[in-house]
1. How many residues are assigned to a strand (DSSP E or B) and within 11 Å of ligand 1 (Cβ to nearest atom) when one looks only at the stretch 166-199?
2. If you check A74, A94, which single one turns out to be among the hydrophobic types (A, V, I, L, M, F, W, C), touching a Pro at 6+ places or on another chain (Cβ under 7 Å) and in the same structural domain as F323 (by TED's automatic domain parsing)?
3. Just to confirm my filter: which strands (runs of 3 or more DSSP E) fall fully inside the stretch 218-310 and include at least 2 residues that are over 19 Å from L173 (Cα atoms) and of a type in the set (D, E)?
4. Kindly check whether there is at least one residue in the stretch 207-216 that is within 16 Å of ligand 1 (Cβ to nearest atom), touching a strand residue (DSSP E or B) at 6+ places or on another chain (Cβ under 7 Å), of a type in the set (A, V, I, L, M) and in a helix (DSSP H, G or I).
5. Pairs please, first residue from the stretch 18-33 and assigned by TED's automatic domain parsing to the domain that holds V143 and closer than 22 Å to R287 by Cβ, second anywhere and among the aliphatic types (A, V, I, L, M) and assigned to a helix (DSSP H, G or I), Cβ atoms under 7 Å, 6+ apart in sequence or on different chains.
6. Residues of the stretch 250-288 being within 16 Å of ligand 2 (Cβ to nearest atom) and closer than 28 Å to E21 by Cβ, which ones?
Amino acid sequence: MEKTSRFELEKWAGTSDARAEMAREVRAGLSRAPRSIPPKYFYDEVGSRLFDVICDLPEYYLTRAERALLERHAEGIVERARPRTIVEIGSGMARKTGLLLRALCARVPSPTYVPFDIAPEPIAASARALLAAHPTLRVRGVVGDFARDCSRLGGGAHVSNGPRLFAFLGSTLGNLDEREAPALLRSLAGVMSGHDRFLLGVDLVKDPRVLHAAYNDAQGVTAAFNKNVLRVLARQLDGELDEQGFEHLAFYDEERQRIEMHLVSTRAQVLALQAADVRVTLSEGERVLTEISRKFTRDSIEWTLSLGGMRPLEWIAADDGAFALCLARTARGDGG
Ligand code: SAH
Ligand code: TRP
């Protein structure tokens, strides 16, 4: 242990009833039409590692596009937001956050980074690297569910005595539907002061072929990531699932401006999860929706932000229109 304890990790998830809750959510998703699995269960240790591999795939332009924007604009964003603390929602491996943290550490004497993710492993791994790179940085990691626990970023030790920059990168907002996305934004707006700022990474509507390729990589890593959720369910909920019985399907729905990712049953089979009291009969070709990834325009993201109680301040788009960063604040009148 470090004597200065520059790293702390707090767990809000993983309570005794976490498995019961998972059982409830999985049962509900698999019983209703269309069948679905909550995407947060992708991210066990293996899933988190597979996602990290996805970020480097030639077809997966999102991470590179967002990094290029941050390389050019992180300093200006931090200059403008003037934070003492950076809070990152769904931080994962925090691959691009170093660019913001470098600007933060150059500005303030005791900077704090609060990575918030459902998966503890990537928080710990990324904290190690970031602490080594930034000797003045403190990391206070939080393991929790952003759909439920954001309100906790408002209390006690998590309120610093200076402004905070909330970062939500990787277009993870696009993995939430038309109801969930504004709800998450509202819960963040609820803990933000008028001096706090919100930085959102958004993947933009583009050529469907480019989008299709990004979620159907030649090496099959996205397929492996998708199928890994079956292993997570089988392990946690006492199931018998045959991975061979499912195929990866991802396609772009132009009308709804979203990628849909499914697992397709390759034959008639029973999907049984003892601990969740699930016994579902799938027919050959039947789909289980595992993830959506919405693509936005400036208008559609600004509309989503307004539904979430946020007001856009600055729009920074890549020259090729592939990706954008949006800086926002709460729509309330107080402060800043
Ligand atoms: N921000 C990173 C990772 C994006 S992948 C990047 O831009 O590369 C999405 C991240 O959100 C994963 O790390 C996953 O573990 C996390 N996540 C998914 N659902 C979550 C939830 N309900 N609550 C908290 N974190 C979640
Ligand atoms: N938010 C990113 C995206 O929609 C990351 C992501 C979530 C993802 N689920 C995924 C990437 C499944 C590939 C496959 O692209």
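1. Of the stretch 166-199, the ones assigned to a strand (DSSP E or B) are 166-168, 197-199.
If we keep only those that are within 11 Å of ligand 1 (Cβ to nearest atom) as well, we get 167-168.
Qualifying residue count, the stretch 166-199: 2.
2. On the way: A74 fails: touching a Pro at 6+ places or on another chain (Cβ under 7 Å).
It is A94.
3. Values: elements: 246-253, 258-265, 269-273, 278-282, 287-294.
The strands (runs of 3 or more DSSP E) meeting that bar number zero.
4. The first filter runs over the stretch 207-216 and keeps only residues within 16 Å of ligand 1 (Cβ to nearest atom), leaving 214-215.
Checking the rest, the ones that are also touching a strand residue (DSSP E or B) at 6+ places or on another chain (Cβ under 7 Å) come to 215.
Next cut, of a type in the set (A, V, I, L, M) only: none.
So far as the stretch 207-216 goes, no, none of its residues is within 16 Å of ligand 1 (Cβ to nearest atom), touching a strand residue (DSSP E or B) at 6+ places or on another chain (Cβ under 7 Å), of a type in the set (A, V, I, L, M) and in a helix (DSSP H, G or I).
5. none
6. Step one: filter the stretch 250-288 for residues within 16 Å of ligand 2 (Cβ to nearest atom), giving 250-253, 256-264, 287-288.
Across the stretch 250-288, the qualifying residues are A250, R258, I259, E260, M261, H262, L263, V264, R287, V288.
Condition check ((1) of a type outside the set (G, A, S); (2) within 20 Å of I301 (Cβ to Cβ); (3) out of contact with any strand residue (DSSP E or B) (no Cβ under 8 Å at 6 or more places or on another chain)) across all residues:
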residue: H134; (1), (2), (3): yes, no, yes
residue: A147; (1), (2), (3): no, yes, yes
residue: R164; (1), (2), (3): yes, no, no
residue: L199; (1), (2), (3): yes, yes, no
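Yes/no per residue for (1) in contact with a Phe, Trp or Tyr (Cβ under 7 Å, 6 or more places away or on another chain); (2) away from ligand 2 (no atom under 12 Å from the Cβ); (3) under 29 Å from G220 (Cα atoms); (4) modelled with pLDDT of 95 or more:
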residue	(1), (2), (3), (4)
E45	no, yes, yes, yes
I54	yes, no, yes, yes
L57	no, no, yes, yes
Y60	no, no, yes, yes
T63	no, no, yes, yes
I77	no, yes, no, yes
A94	no, yes, yes, yes
L104	no, yes, no, yes
R107	no, yes, no, yes
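The values are calculated or read from the model by the stated rules, or taken from the named source; none is laboratory data. Keep in mind that what you see is a predicted model, and the values were worked out from it rather than measured. Please note: Cβ atoms are built from the backbone with ideal geometry, for glycine as well, and neighbour counts cover all protein chains shown.
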